[in-house]
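Just below is one structure, and these are the notes that go with it.
Bear in mind that the values in this text are calculations on the coordinates, not laboratory data. In this text the structure is predicted, and so the values were computed from the model without any measurement. Glycine also receives a Cβ, built like all others from the backbone with ideal geometry; neighbour counts cover every protein chain displayed.
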Amino acid sequence: MAAAVAFQPTAARMIPTAFKFLGAAILVAAVLQGCSPMKTASGGANPPPSLDDTAWTLASLPGTTLLPAPQATLQFEGGRATGSDGCNRYGTSFKTAGGKLELGAQRVSTQMACPEPVSQLAAAFNRVLNDVRAYRIEAGSLLLLNASGATLATLAAQPSTLAGTAWQVSGYNNGKQAVVSVITGTQLTMEFLADGKLRGSGGCNNFNGSFTAEGNRLSIGRVASTRMACAQPEGRMAQEAAFLAALESATTARREADRLELRTASGALAVSARLAAPAKP
């Protein structure tokens, strides 16, 4: 009995010590857990950057071969997701939270018919828009993810600057509250140089001017052109005068992939154009 009595105090002293080690282990585990990064719906350690005021161009779509043009696009601005599926333009609402992305169920779009394989690509991109539930941004690219976290599509950041770009005009405001196409057999061009100079062709004469651009705001100074006369095709000189007037009236520029729209202060379309190769100096 004496031996048993002598042992009890030692055991009693060991129990608190064991609890001290156990408590320390629990505390360390709690600290480590508290320091661990929180996972988000997109699978990343931290929520991805905001999508507000960003614009993207489709770069890859698993199982689908992309076309050089037209390009599918996606832009986020003011709670709206808008763009082109490569055939039709679309628009809907969007919400984001912690890497989750929700596009509005009611998506409106134009109803143009497009040839194959453009229509196939448009259908595939629309399926992506239907299935997207989250997003992630990696190396400057936007990854659209489904509910399981699988990548549905990858989009590249869309250039927004005008400096260093050249365009072929597809339509212009004729000054009679109408936007008309370019006369067959003529070409209207614009080139925005890196030094703030503007040059191009009015279909008969070359012109020069200057521009300043900040965000989507655009200011074009008065343009000067050569003074040749071109009789054919009919209406060529009237077209040139109307195009240059429309160009000077532009106060905003909206670039989307290979398309450009210049608009007046009232929001009226002044000039529409497609991306072209820069002219030789």
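A few notes on this one:
- Each residue in the stretch 208-237 was checked for being surrounded by 13 or more Cβ atoms within 10 Å (Cβ to Cβ), out of contact with any Phe, Trp or Tyr (no Cβ under 8 Å at 6 or more places or on another chain) and aliphatic (A, V, I, L, M), and 1 pass.
- Look at the stretch 176-189: where a residue is exposed (fewer than 13 other Cβ atoms within 10 Å of the Cβ) and a partner is of a type outside the set (Phe, Trp, Tyr), sitting 6+ places away or on another chain with Cβ atoms under 9 Å, you get Lys176/Ala242; Gln177/Ala268; Ser181/Ser170; Ser181/Gly171; Thr184/Pro233; Gly185/Gln232; Gly185/Pro233; Gly185/Arg236.
- Selection from the stretch 180-220 of residues that are within 27 Å of the chain's Cα centre (by Cα) and of a type in the set (Val, Ile, Thr): Thr189, Thr212, Ile220
- Tally of residues being closer than 16 Å to Ser201 by Cβ and free of Cβ contacts under 8 Å to residues at least 24 places away in the same chain across the stretch 214-231: 4
- Criterion: in contact with a Ser or Thr (Cβ under 9 Å, 6 or more places away or on another chain) and farther than 23 Å from Pro159 by Cβ - qualifying residue of Glu256, Glu248, Glu234, Glu240: Glu240
- Subset of the stretch 68-94 that is in contact with a helix residue (DSSP H, G or I) (Cβ under 9 Å, 6 or more places away or on another chain) and not in a strand (DSSP E or B) - its residue that is surrounded by the fewest Cβ atoms within 10 Å (Cβ to Cβ): Asn88
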